[in-house]
Amino acid sequence: MRNQAYLLMKKLFTLLALSCVFSLFSQNPTCDGSRYLNNDFALDSTMGVVFGNSTTIGGTNADLLMDIYEPSGDMATDRPVVIVAFGGSFIGGDRSQMHYMCRYFAQKGYVAASIDYRIYDGPLFPVPDSIVMTDEVIKAVSDMKAAVRFFREDAYNADTYRIDTNLIFVGGVSAGGIVASHVGLLDSTDMVENFVDSIIQANGGWQGNSSTNTQYWEKVHGVLNFSGALKNADYIDASNPPIFSVHDDGDGVVPYAGGFASIFTFPIVYMNGSYLMDQRAQAVGVNSELITIPGSNGHVSYFNDQVGQDSILDRSRDFLYPIVCAGSLGFEDEEELSSQFTIYPNPASSFIQIKTEDFSKVYSLQIFDIRGRQVLAKSDLKGNQILNLSDFDKGQYLLRIQSDYFETKRIILE
């Protein structure tokens, strides 16, 4: 009887242990070649979530709302989020316009949100001037920053949406692309014109005035810019996040290079479009991809049909995938190895050496590529090691060493 009870208890503990292991892996899926690439999920949606409050140029005060899409049945505890904004020249449009993009990303395992932002509600005749419309843009930027803080605050408290705060992306189409670009690429370290700084300060400063939770950060980790622009491409510096852009090269609404953004064909504000943004990003070392639609005078022409829309969104998906995988592995926030281990040379061409001061220490190591795949694993190691990486592609990798605890180091092959 005691043996039967013992065997039953042992079986229960074994099942519990297996359940815990399965739970760990199922709740924190890695980039397995399908998640974040394929439509693995049905969708859940929550409409009209309040994330802030603001007052328009015309004096209307209203809550800011977002519609949130999540992968149904997903057990992951830390998920990337894409926050997107609609287009409409800052005088029209609404958040329902971006539901298609939210559905696209949520089916692949992202959380995705389409947000309100303030649109211009003053007189249209005469057409508003550049000062007024710059104020409008800054107000909209303030609103998107509040949306970023909403998710970061939730992650640190109720954790309703299970967001990885190291994987927050913003994006938008046309005017929404302008908003997202400024949220991701303009900050207090940039040199701005005096009148722009005055407008920023009048709208609550660099954090904006669209929500009160300003103890949370507005930092984002990537920008999806669909036919948007910056007031000045020189806002981009080496500390900025990756940028994905698409633009018609003859766009007459938002300039592809340098030119005036227009309302009803009236030139309003001189801006630097996707081409100059990409050129600046490349010059300062920011990861940037620009898809140019050549010989096109259209505005966002690539979203005119389902085939074009899917093709471009697939390109944005492929751009984000290594960023998401690198972030989940710790490429962005890797720790320096302790004094127990030294890695050299780094960058390397074909070999790296691992030197340890404690020859009695037993350790194991793993190397992951930027897509999140393990490419090398060794265990029960002691002393110094030489690793032959000559068969690896050039690029960035993450080295993890486990002794008493995990330590990580980014290594570069060139």
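Key figures for this structure:
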| read-out | value |
| --- | --- |
| Members of the stretch 147-166 that are more than 16 Å from residue 102 (Cα to Cα) and assigned to a strand (DSSP E or B) | 164, 165, 166 |
| Evaluation of residue 244 against (1) in contact with a His (Cβ under 8 Å, 6 or more places away or on another chain); (2) touching a residue at least 60 places away in the same chain (Cβ under 8 Å) (one fails), failing number | (1) |
| Residue ID - surrounded by the fewest Cβ atoms within 10 Å (Cβ to Cβ), chosen from residues in the stretch 209-232 that are closer than 22 Å to residue 199 by Cβ and of a type in the set (A, V, I, L, M) | 220 |
| Residue 203 being within 15 Å of residue 170 (Cβ to Cβ) and in contact with a Ser or Thr (Cβ under 6 Å, 6 or more places away or on another chain) | no |
| Output for the stretch 252-311, where each listed residue is closer than 14 Å to residue 225 by Cβ, among the polar types (S, T, N, Q) and part of a strand (DSSP E or B) | 272, 288, 292 |
| Residue within the stretch 246-254 that is on the phi > 0 side of the Ramachandran plot and either in contact with an Asp or Glu (Cβ under 7 Å, 6 or more places away or on another chain) or not aromatic (Phe, Trp, Tyr) (or both) present | no |
| Residue 109 vs. criteria over 12 Å from residue 176 (Cα atoms), in a loop (DSSP other than H, G, I, E, B) and within 22 Å of the chain's Cα centre (by Cα) | yes |
| Criterion (of a type in the set (Phe, Trp, Tyr), part of a helix (DSSP H, G or I) and assigned by TED's automatic domain parsing to the domain that holds residue 222) met by exactly one of 244, 319 | 319 |
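Every residue, every condition in (1) modelled with pLDDT of 90 or more; (2) assigned to a loop (DSSP other than H, G, I, E, B); (3) touching a His at 6+ places or on another chain (Cβ under 9 Å), yes or no:
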| residue | (1), (2), (3) |
| --- | --- |
| 338 | no, yes, no |
| 353 | yes, no, no |
| 377 | no, no, no |
| 387 | yes, no, no |
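The values are calculated or read from the model by the stated rules, or taken from the named source; none is laboratory data. Not measured: the values here are computed from a predicted model. Virtual Cβ from ideal backbone geometry, glycine too; neighbours counted across all protein chains shown.
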